[in-house]
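The values are calculated or read from the model by the stated rules, or taken from the named source; none is laboratory data. Just so it is clear, the model here is predicted, and its values are computed rather than measured. Note: ideal-geometry Cβ built from the backbone for every residue, glycine included; neighbour counts use all protein chains shown.
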Amino acid sequence: MNGRVSALQSLPGVGLAKKLLNRRMLRLFFRDKLTGLGTVLVLVTFFLAVAAPVLSPFPEDAYENVRVAERLQSPSAKHWFGTDRMGRDIFSRVLYGGRVTLFIALAVTLLSIAIGVPLGLVAGYYSGAIHEVIMRVADVFLAIPRIILALSLAAALGPNVPNVIVALSVSFWPRFTRIVEAETQSLRHELYIEASQSLGVSPVSILFRHIFVHTLPTIIVRGTLGIGFTILLAATLGFIGVGVSPPTPEWGLMIAESREYLPGTWWYALFPGLAIFLTVMGYILMGDSLRDAMDPRLRGIEG
Amino acid sequence: MHRTAEESHLLRIKDLALEFHTERGVVQALDGVNLAVAKGEVLGLVGESGCGKTVTGRSVLGLIPCPPGRIVRGEIWLDQENLMTLSQENLRSRVRGSRITLVPQDTLGPLNPVHTVGTQMGDILKYKGRSRNGRPNRPGSDHQEILDLLRAVHLPDPDKILAKYPAELSGGQRQRILIAMAFLPRPELIIADEPTTALDVTVQAQILKIFRDLVARDGCSVLFITHDMGVVATICDRVSVMYAGQIAETAPVRKLFESPRHPYTVKLLDSVPSPEKKEISQIPGTVPTLININKGCRFYDRCPQRLDRCRDHKPGLTQADEDHAVFCHLFG
């Protein structure tokens, strides 16, 4: 009974800050073990990336360094993940790779939100020319598969971190525009929006104070999932050779380098691959459980 | 300088005609509506569903979506200002929410579910309340003003209420809050769009009492839209009866109830249930669709006393009395 009452109170109702600190919501969020795993993975990978300079046994190996005598050694007490073709410590490079990858993924997602969300709000709130122009431009970008658009842009711009960020953001922002536009379309006919219009609230205020807050849960969920997919895409670009350029310690690039030494030097590809797998899985699991936790239809289900 | 009786009215709607262009044709939603609300007066606007009451209220606020709506002719004056000549931006920043406010019918929908009641009330004063009536502008005065108003609408524990979200309150509490919000910026005119329809009768009676008290306190004018004759008798000074987008009759409440002139008003008052009546009388027929409607009186099809000329000639204004206006050929 208690569950039903609190479910009613929080229908779409309760403010976001309160929502995020809501104990019941946290319980929902950690309902199954996979969720806990996702969050732990996200936190651990983030911590390892931030602390890479302190944690790496060979920070000098992150970029250019050659130790011919130690090249292609298998994992040992000195080199936990073995060494690569230049004799660099793979463990250190995987840690530093996390910095590069997470920086790219977070920058791309935030940039896409910063571009896509305001455009989606405006397109959804106004009908007519503004709506058509924004949505048709977004459609053009959405019509091209993300990987192909990112690949061709990255190839055209040249291999470095800022260019990868641009290429991935250009292919990502329309997704936010789409979902925010759709939500705004339905929200703008809500009575409280009409009521604010009758009170003479300015359009900017209506969009940000009254509509934007309702789209936040969707944006957070899509953003979290998006970080995961962006990491994967960034690694793909690195693997193909249009992403960041050597000697940057990027996971996809490291796997690409390892190809000619496979299958003998299995550690060369395995550890960067595991890093990609675990990080991406972390964000996707966390995104899924955020979606469940914020979905009002699932509120009040004890589990 | 002496002002004429007409100019002393705060709100004057003159010959307002409004159309909606739909796929099935042009809906003539309002046809020559004349209304006037004096300062400090509560004018009731009654009529059946779909007769144009809400549309009239919305056009005063300039909130008719165009397209599909189109104002064909008419003037809307608020004091010395013709609202029809103001731009949307001017209406938004200078009229809506400051000089004219609205009490909506629905109680849950108009409050944003993600902000607390306190935030939403505070915003009104922050953006709309300051510039007028020489209010004190010291810190904390906003909060005090909101608390006073919540007490005036008989909400106990106003501090607790302010911290709540709309979904945590009952319909009656939310209606009180919406009324308080309408009075908060000290408007000159309040448009109340069936504010008690969603409530049960006991709460309705309390709310009407509160409303009357607040109107008396602030001396503002009210356009009270309703279809409930009982509500009209309780709260209004004068009443305009509307039928199918036209005004049928305007009179002081007592006069209208005692000696209704227009056949529609007579029938409407007959339809109010009472213990003495064994059967509730109805008005035969239905409200006509307003697409390509006949040029004459719109009540023609259902009128028991219709004349030949009623079909093609729109009835003009007849003063049945000094303060009693009828739009009907029977008196012309």
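Taking every residue in the range B:32-58 that is assigned to a strand (DSSP E or B) and pairing it with any residue that is basic (Lys, Arg), at least 6 positions away or on another chain, the pairs with Cβ-Cβ distances below 7 Å are B:Asn34/B:Lys14; B:Ala36/B:Arg12; B:Leu43/B:Arg238; B:Leu45/B:Lys53.
A single entry from A:Arg85, A:Arg71, A:Arg146 fulfils the requirement of being over 20 Å from A:Leu274 (Cα atoms), at pLDDT below 90 and touching a Lys or Arg at 6+ places or on another chain (Cβ under 7 Å): A:Arg71. The numbered conditions (1) under 30 Å from A:Ser186 (Cα atoms); (2) within 20 Å of the chain's Cα centre (by Cα); (3) modelled with pLDDT under 85 are all true for A:Ser127 except (2). When the range B:67-114 is filtered for residues that are more than 14 Å from chain A (Cβ to nearest Cβ), farther than 21 Å from A:Tyr126 by Cα and assigned to a strand (DSSP E or B), the ones remaining, listed by number, are B:Ile71, B:Val72, B:Arg73, B:Gly74, B:Glu75, B:Ile76, B:Trp77, B:Glu81, B:Asn82.
Of all residues in the range B:115-126, those satisfying the criterion of being more than 7 Å from chain A (Cβ to nearest Cβ) and within 25 Å of B:Leu208 (Cβ to Cβ) are B:Val117, B:Gln120, B:Met121.
Being of a type in the set (D, E, K, R) and either in contact (Cβ under 8 Å) with a residue 24 or more places away in the chain or farther than 25 Å from B:Met229 by Cα (or both) is the filter here; which residues of the range B:267-301 pass it?
B:Lys267, B:Lys295, B:Arg298 - these are the residues of the range B:267-301 that are of a type in the set (D, E, K, R) and either in contact (Cβ under 8 Å) with a residue 24 or more places away in the chain or farther than 25 Å from B:Met229 by Cα (or both).
Taken over the range A:62-98, the residue count meeting the criterion of being under 14 Å from A:Pro247 (Cβ atoms) and not hydrophobic (A, V, I, L, M, F, W, C) is 13. Of the strands (runs of 3 or more DSSP E) lying entirely inside the range B:181-256, those containing at least 1 residues that are in contact with a Ser or Thr (Cβ under 6 Å, 6 or more places away or on another chain) and touching a residue at least 24 places away in the same chain (Cβ under 8 Å) span B:189-193, B:238-243, B:246-252.
Being within 14 Å of chain B (Cβ to nearest Cβ) and crowded, with 21+ Cβ neighbours inside 10 Å: is that true of A:Leu237 here? In short, no.
The single condition among (1) at pLDDT below 85; (2) in a helix (DSSP H, G or I) that A:Gly264 does not meet is (2). You will find that of A:Val213, A:Val170, A:Val140, the residue that is within 14 Å of another protein chain (Cβ to nearest Cβ) and farther than 26 Å from B:Ile64 by Cα is A:Val213 and no other. Among residues of the range B:75-116 being touching a Lys or Arg at 6+ places or on another chain (Cβ under 6 Å) and not charged (D, E, K, R), the one that is modelled with the lowest pLDDT is B:Thr107. Within the range A:182-189, can one find any residue that is surrounded by 18 or more Cβ atoms within 10 Å (Cβ to Cβ), within 14 Å of chain B (Cβ to nearest Cβ) and outside any helix (DSSP H, G or I)? Looking for residues that are surrounded by 18 or more Cβ atoms within 10 Å (Cβ to Cβ), within 14 Å of chain B (Cβ to nearest Cβ) and outside any helix (DSSP H, G or I), one finds at least one in the range A:182-189, hence yes.
Within the range B:109-123, the set of residues being more than 16 Å from A:Glu194 (Cβ to Cβ) and in contact (Cβ under 8 Å) with a residue 60 or more places away in the chain comprises B:Val117, B:Met121.
Quick one: in the range B:165-174, which of the residues that are away from chain A (no Cβ under 13 Å) and touching a residue at least 24 places away in the same chain (Cβ under 8 Å) is surrounded by the most Cβ atoms within 10 Å (Cβ to Cβ)?
Start the filter on the range B:165-174 by keeping residues that are away from chain A (no Cβ under 13 Å), which leaves B:171-173.
Retained after the next criterion (residues that are touching a residue at least 24 places away in the same chain (Cβ under 8 Å)): B:171-172.
On the way: B:Gly171: 14, B:Gly172: 20.
Among them, the one singled out is B:Gly172.
Restricting attention to the range B:23-49, the residues being within 26 Å of B:Gly296 (Cβ to Cβ) and more than 14 Å from the chain's Cα centre (by Cα) number 9.
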